[in-house]
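For reference, the structure discussed in these notes is given below.
The values are calculated or read from the model by the stated rules, or taken from the named source; none is laboratory data. Just so we're clear, the structure is a prediction, and the values are computed from it rather than from any experiment. So basically every Cβ, Gly included, is an ideal-geometry build from the backbone, and we count neighbours across all protein chains shown. Note: areas computed on protein heavy atoms with side chains; ligands, DNA, RNA excluded. Shrake-Rupley method; radii C 1.70, N 1.55, O 1.52, S 1.80 Å.
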Amino acid sequence: SAKNEGRNTFRFFSNDMNLASIERMNIENGLRLALKRNEFRLHYQPQYSIHNNTVIGAEALLRWQPENSPMIPPAKFIPIAEDNGLIVSIGDWVLREACRQNKVWHDAGLKLLVTVNISALQFKRGNLLESVQAALNDSGLEPRYLELELTESVLMFDTNAVINTIAQLRALGVSFAIDDFGTGYSSLSYLKRFAVNKLKIDQSFIRDLTSGKAEDTAIVKAILQLGDTLGLLTLAEGVETKEQAEQLSLLGCRKAQGFYWNQPLPADEFARLFTPDSPKPVV
Ligand code: C2E
Ligand code: MG
Ligand code: MG
Ligand code: MG
């Protein structure tokens, strides 16, 4: 009967509107207001030159702290912002903020590379060239101190537009890294098509580096060799232990980041640790 159908429909609906989709809706609504409400922050994870243990760069990682609610990790909100297009304006903010902050550090004597994660939609929908130029011009940061991290989702579009945008930004002095390298569907073909500077070895290969599994050592070795042969820099992501750092060093890897050295840090903590003239934290 109609009455039963109604009940069934309602049941179906209430089952379907499970916690996950309600959460998603809340995130989506919150994201629309987050920029205006100034709820985003960037944290910075130090990148090291392994052999002399000096900091050479900082990866900017987006943090969202909505008012009166717990911090929401990027893995949760970035895919949603990519689906609804908000990542374009959020990404613009990230670029501006990372350049502004890095210029402040440069003026304080801390000359680092800042690396910024870029979503595919920023290439497709946004005007990435103009966004980056605006962030550089308004901050006064020299382009060679900005690096853009691209994942497979960007490089999968084998469009001339992406290739051209990369070339134009390279001409300005901006550099490019392939993020999570080795996990993609056809990582090797990217190297031929896209003029990047650096490969970031995915953390999944670093994790088992010292567990005695020969495969991961072989893969890391191969990526390092590939980088050498093609004239690309390499950096290991997700280094968590001294053993991993030592093993990487033995394999000839020169750059790395990971919890072994530091978690991603708020800008003020980062500055306290690394700015030459500022007082060191009391431990
Ligand atoms: P990613 O770019 O590959 O960044 C590395 C992630 O690994 C970060 O997670 C970082 O906190 C984490 N990590 C660093 N060292 C270690 C370690 O030693 N062990 C482990 N287990 N993890 C480590 P986070 O900050 O949660 O970011 C996750 C992903 O979200 C990023 O992966 C990136 O794809 C995306 N993301 C973050 N910020 C932005 C942004 O501003 N724009 C875009 N489009 N994506 C972003
Ligand atoms: Mg990254
Ligand atoms: Mg990565
Ligand atoms: Mg990643």
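A few remarks follow.
- Meets criteria (away from ligand 1 (no atom under 16 Å from the Cβ), assigned to a helix (DSSP H, G or I), among the acidic types (Asp, Glu) and open to solvent by 20 Å² or more (accessible area, probe 1.4 Å)) for residue 92: no
- Number of positions in the range 49-72 that are within 30 Å of residue 246 (Cα to Cα) and free of Cβ contacts under 8 Å to residues at least 12 places away in the same chain: 3
- Within the range 95-105, considering residues that are open to solvent by 10 Å² or more (accessible area, probe 1.4 Å) and under 18 Å from the mean Cα position of the chain (by Cα), the one farthest from ligand 4 (Cβ to nearest atom): 100
- All of 230, 172, 188 fail the test of being surrounded by fewer than 17 Cβ atoms within 10 Å (Cβ to Cβ), more than 16 Å from ligand 2 (Cβ to nearest atom) and touching a residue at least 40 places away in the same chain (Cβ under 8 Å), apart from 172.
- Candidate set from the range 7-47 (those that are of a type in the set (Asp, Glu) and at pLDDT 65 or above); member that is nearest to residue 260 (Cα to Cα): 39
- Of the residues making up the range 146-169, those that are at pLDDT below 85 and more than 16 Å from ligand 2 (Cβ to nearest atom) are 156, 157, 158, 159.
- Note on the range 109-133: residues that are closer than 24 Å to residue 270 by Cβ and over 18 Å from the mean Cα position of the chain (by Cα) total 3.
- Scope the range 251-269; condition touching a residue at least 60 places away in the same chain (Cβ under 8 Å), under 19 Å from residue 209 (Cα atoms) and open to solvent by 40 Å² or more (accessible area, probe 1.4 Å); matching residues: 254, 255, 261
- Scanning the range 194-211 for residues that are within 16 Å of ligand 4 (Cβ to nearest atom), of a type in the set (D, E, K, R) and not in a helix (DSSP H, G or I) yields 198, 200, 202.
- When residues of the range 200-237 are limited to those that are of a type in the set (A, V, I, L, M, F, W, C) and out of contact with any helix residue (DSSP H, G or I) (no Cβ under 8 Å at 6 or more places or on another chain), the one nearest to ligand 1 (Cβ to nearest atom): 235
- Residues located in the range 34-84, provided they are open to solvent by 70 Å² or more (accessible area, probe 1.4 Å) and part of a strand (DSSP E or B): 41
- Note on the range 49-85: residues that are within 16 Å of ligand 3 (Cβ to nearest atom) and among the hydrophobic types (A, V, I, L, M, F, W, C) amount to 6.
- Residue selected from the range 201-231 under the condition of a type in the set (Val, Ile, Thr) and under 17 Å from residue 177 (Cα atoms), by the criterion farthest from ligand 3 (Cβ to nearest atom): 229
- Number of positions in the range 106-122 that are within 16 Å of ligand 3 (Cβ to nearest atom) and either open to solvent by less than 20 Å² (accessible area, probe 1.4 Å) or farther than 21 Å from residue 176 by Cβ (or both): 6
For (1) at positive phi; (2) out of contact with any Gly (no Cβ under 7 Å at 6 or more places or on another chain); (3) within 16 Å of ligand 3 (Cβ to nearest atom), each residue gets a yes or a no:
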site: 104; (1), (2), (3): no, yes, no
site: 124; (1), (2), (3): no, yes, no
site: 128; (1), (2), (3): no, yes, no
site: 133; (1), (2), (3): no, yes, no
site: 136; (1), (2), (3): no, yes, no
site: 152; (1), (2), (3): no, no, yes
site: 176; (1), (2), (3): no, yes, yes
site: 182; (1), (2), (3): yes, yes, yes
